[in-house]
Amino acid sequence: MSIQTRKPAAIIWQHSAERDQPAISLDENSKLDKESVLNKLRESFNFPDYFGDNWDAAYDLLLDYVDQMEGAATWRFSINRASNVNEADLADWIHMMTDLCTYAESRGLALRIVIHDSPKAGDQAFEEEAVSEIITSEVRESVERSVLCWLATTDENGQPNVSPKEVFAVADSQNIVVANIASPRSARNIRANQKVCLSFVDVFVQKGFKIIGTATEVKRSEPEYSHWVAPLLTMAGDRYPIHSVFVVSAIAAEPIVAPSYRLYPSETTEESQIQSALRTYGVTRDKDG
């Protein structure tokens, strides 16, 4: 089974052998197709007897659930790679879920779909896909070296806002979590527009990465809060209260490189950039630097 790395807004994929929350399994009798998905939706959402066993009917009934939402909600599903998967049917289901999220957003509600993608033992396709994950080891190292990151959001009128964040971490190969310590504007903007950009730059080497993706605010009252906040607690400690967590699901990662590397490649090295920055900022290296 091949899963695309570019995910729709509000759709979060979790690639791991074990899931940390209960989820609706989409496969049935070692098969995942339209019939199994509709059966699972019927059982889990208590569809009435007159349900027509088609995507349109399922969508209409799920709209009723969205209309009854009083706040943010998360629906969790799981996919077993050991099953025989009809990818066209899976794509139709994802499209339906995306439409439901868009409808919820139009009503000022936040519906998030979490899909747990479980590999089968020794699944070569899964291993190859993991290699191409967006948050690679190089990106992760850049994040871990950074003291601050910058989160760019926009409000409902398209007005951009860039805010520095001090407490953040790589959650997995697809998601970065950022603590909302004192960021009411970022939270408000994310609720209005999930598209964000997160930047990390080593100010001495003058290299880094920008993460383009979608963000969702997970509040303390939500059941998955403990999962997402876990990597942030040690960094925040007791001094900085975390009001909520911004989960940034990466769509793309692009390198940030100072122009000198491209304009003067023969004379620009990481060491020369470090020396230049030390002089500019009036600081010196410690003995272990």
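Values quoted throughout were computed directly from the atomic coordinates according to the rules given, and no laboratory measurement underlies them. Remember, it's a predicted structure, so these values are computed and weren't measured experimentally. Backbone-built Cβ (ideal geometry, glycine too); neighbour counts: all protein chains shown.
Here, the stretch 137-281 yields an orientationally averaged convex hull projection of 10.0 nm² when only Cα atoms define the hull.
As a rough footprinting exposure proxy, the listed residues THR98, THR284 were ranked by other beta carbons within 10 Å of their own, and the order from fewest upward is THR284, THR98. Other residues lying with their Cβ under 10 Å from the Cβ of SER36 contribute a combined charge of -2, Lys and Arg counting +1, Asp and Glu -1. As a rough guide to protection, the peptides 190-196, 39-45 ranked by mean Cβ packing within 10 Å, highest first, stand as 190-196, 39-45. Pairs of lysine residues in the chain that meet both criteria, 8 or more places apart or on different chains and Cα atoms under 24 Å apart, total 19.
Distance from the Cα centroid of the stretch 242-261 to that of the stretch 200-233 is 9 Å (rounded to whole angstrom). From its DSSP helices (H runs of at least four residues, each -39,500 (n - 2.57)), the chain gives a residue-normalised ellipticity at 222 nm of -10500 deg cm²/dmol. The dipole here belongs to the chain: it is taken about the Cα centre, uses +1 on the Cβ of Lys and Arg and -1 on the Cβ of Asp and Glu, and is about 1220 debye. log10 I(q)/I(0), Debye, Cα-only the chain, no solvent, q = 0.07, 0.11, 0.13, 0.15 Å⁻¹? Ignoring solvent entirely, the Cα scatterers give -0.32, -0.73, -0.97, -1.21.
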